[in-house]
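Q: Below: one structure in structure tokens.
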Amino acid sequence: MLGSVRRAIQGPQLILQSFPRRSISRQRPLRMRLLQFQSSGSQRIGLELKAGGDVIDLNAFDSSLPCGMREFLEAGETALEKAKSALESGQHVLKRSDISLLAPITNPEKIICVGMNYVDHCLEQNVPVPKEPIIFSKFPSSIVGPSDSIILPAESEEVDWEVELAFVIGKKGKDIKEEDAMDYVAGFTVAHDVGARDWQMKKNGKQWLLGKTFDTFCPIGPALVTKDSISDPHCLGIRCRVNKELVQDSNTSQMVFKTEALIAWVSKFVTLKPGDIFLTGTPPGVGVFRKPPVFLKAGDVVDCEIDELGIISNPVL
């Protein structure tokens, strides 16, 4: 078997693509959709049997497993193997209607966000494509679940939507090489980078942090989908609807800096740890660049959807 050549058929042509020789992993494929949920008043870790389907209670399957996703990821391969065994067993299944979904991660050490990371979003603003990743942050207190409410703050009149692909770090690393970066990814999920444009663009010295990190400004979910469950995270349809009207419709292939490049860049500056979340930028169609601008109001419902990952739906209050 050749380790340096991959054959990919596109139409009638046979195309040869080179890629770095990699060691063969002996780990079983995971192919899991991990969840955090509440049942009978307690937080639990679970697995979707299928997207939007019933859920296996991992803590019922093995009481030694942590009840929080960050702690679960910190436990490493042992926890993941137990989860895989639980999925294969088909035991301890709860009906979807009997649980309440939480965000897949509720207590990350870091939420790392990337600005101006879609080519078509840069074109929308008539600005140059960045030569280096533009990094900002949200506080973990901004996180809410896949169906929780977005609360409009009294301090802002210009709250905007941004659907984003998010990925979660699975193991600790610093100065990570781009060719090794995917080894540090636990999985992918859907995120909504809600932002107060007046605070982001006009106030507080035009620094982004405050406008991006109001409480409830980071809905994520519904599941943490392991990377081997996804055909290609950088070729997924990505959409946002406000009150069922399609406002953003693009593809993650438009990302300027892909997952590997973002991990390599950020890990130059900080140590990445299990549970850290990256929000990778948004495509065009946001409210602030419409003519005239459009912002969220009480009573709106925002649906953010990414192919193969799922959909989150958050009412605005």
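The values are calculated or read from the model by the stated rules, or taken from the named source; none is laboratory data. Model, not experiment: these values are computed from the prediction. Cβ coordinates were reconstructed from backbone atoms using ideal geometry, including for glycine residues, and neighbour counts include every protein chain displayed. Only protein heavy atoms, including side chains, enter the accessible area calculation; ligands, DNA and RNA are left aside. Shrake-Rupley method; radii C 1.70, N 1.55, O 1.52, S 1.80 Å.
Q: Compute the distribution of all C-alpha to C-alpha distances in the stretch 26-144, in bins of 5 Å from 0, and list the percent of pairs in each, rounded to whole numbers.
A: In whole percents, the pair-distance histogram is 2, 10, 17, 17, 14, 11, 10, 8, 6, 3, 1.
Q: 7 Å from Cα along Cα→Cβ at both SER39 and GLN207: what's the point-to-point distance in nm?
A: 4.4
Q: Could you give the distance between the Cα centres of the stretch 235-269 and the stretch 180-230, to the whole Å?
A: Between the Cα centre of the stretch 235-269 and that of the stretch 180-230, the gap is 11 Å.
Q: Based on the Cβ-Cβ distance from ALA298 to PHE269, what FRET efficiency comes out when R0 is 35 Å, to the nearest 0.05?
A: Details: r = 39 Å, r/R0 = 1.11.
With R0 = 35 Å, the Cβ-Cβ based efficiency is 0.35.
Q: Hey, another quick one. Does anything in the stretch 282-317 have its amide N under 17 Å from the 7 Å Cα→Cβ label point of GLU124, and if so which residues?
A: In the stretch 282-317, the label zone of GLU124 (backbone N under 17 Å from the point 7 Å along Cα→Cβ) covers 282-297, 302-307.
Q: Moving to a separate point now. Treat each spin label as a single point 7 Å out from the Cα along the C-beta direction, and report the ASN107 to SER253 distance in nm.
A: So the two model labels end up 4.2 nm from each other.
Q: Oh, and also: Let me know the shape class of the stretch 112-163, please: from the alpha-carbon gyration tensor, a ≥ b ≥ c as square roots of the eigenvalues, rounded when a/c is under 1.5, otherwise prolate if a/b is greater than b/c, or oblate.
A: On the way: a/c = 2.32, a/b = 1.76, b/c = 1.32.
Here the stretch 112-163 falls in the prolate category.
Q: Toward the positive end of the charge dipole of the chain, about the Cα centre and with charges on Cβ (Lys, Arg +1; Asp, Glu -1), which of PHE136, PRO29, ASN314 goes farthest?
A: PRO29
Q: From the helices alone, meaning DSSP H stretches of at least four residues, give me the mean residue ellipticity at 222 nm for the chain, per-run term -39500 (n - 2.57), in deg cm²/dmol to the nearest 500. Display every interim value, and only then the final one.
A: Numbers: 7 runs with 47 residues, N = 317.
Per the formula, -3500 deg cm²/dmol.
Q: Taking the Cα centre of each part, how many Å lie between the stretch 271-290 and the stretch 57-79?
A: 27
Q: How many Å³ per residue does the convex hull of the Cα positions in the stretch 122-239 occupy?
A: Cα convex hull per residue, to the nearest whole number: 153 Å³.
Q: How many Å³ per residue does the convex hull of the Cα positions in the stretch 78-117 occupy?
A: In the stretch 78-117, the Cα convex hull volume per residue is 162 Å³.
Q: By how many nm would the segment from ILE135 to ASP307 lengthen if fully extended, with 0.36 nm per residue of separation less the alpha-carbon distance?
A: Computed gain between ILE135 and ASP307 is 59.4 nm.
Q: Let me ask something else. For the chain, what is the accessible area per residue in Å² when the probe is 1.4 Å?
A: With all protein chains present, the chain gives 47 Å² per residue.
Q: Right, next: Given labels modelled 7 Å from the Cα in the Cβ direction, how far is it in nm from LYS95 to ASP232?
A: 4.1
Q: Over the chain, what is the relative contact order in percent, taking alpha-carbon pairs closer than 8 angstrom and at least six residues apart?
A: 22
Q: Can you tell me which of MET201, MET116, MET255 moves the most in a GNM of the chain? Springs connect C-alpha atoms under 10 Å apart.
A: Of MET201, MET116, MET255, the Gaussian network model singles out MET201 as fluctuating most.
Q: Taking a cut-off of 14 Å, what percent of all Cα-Cα pairs in the stretch 161-216 are separated by more than that? Before the final figure, lay out the partial values.
A: Details: 1005 of 1540 pairs.
Value for the stretch 161-216: 65 percent of Cα pairs lie more than 14 Å apart.
Q: Would you mind calculating the relative contact order of the stretch 133-233 from Cα pairs under 8 angstrom and at least 6 residues apart, reporting the percent as a whole number?
A: In percent, rounded to a whole number, it is 38.
Q: Whole number please: convex hull volume per residue, Cα atoms of the stretch 232-317, in Å³. Write down the numbers at each step before the final one.
A: Details: hull volume 11.6 nm³, N = 86.
Here the figure is 135 Å³ per residue.
Q: Also, I was wondering about something else. Find the eigenvalues of the gyration tensor of the Cα atoms of the chain, then list the square roots of 5 times those eigenvalues as equivalent ellipsoid semi-axes, largest first, in whole angstrom.
A: Numbers: eigenvalues 182, 136, 68 Å².
Three semi-axes, in Å: 30, 26, 18.
Q: Reported to two decimal places, what Rg/Rh ratio describes the stretch 171-317 when computed on Cα atoms with Rh from the Kirkwood expression?
A: Radius of gyration over Kirkwood radius for the stretch 171-317 works out to 0.97.
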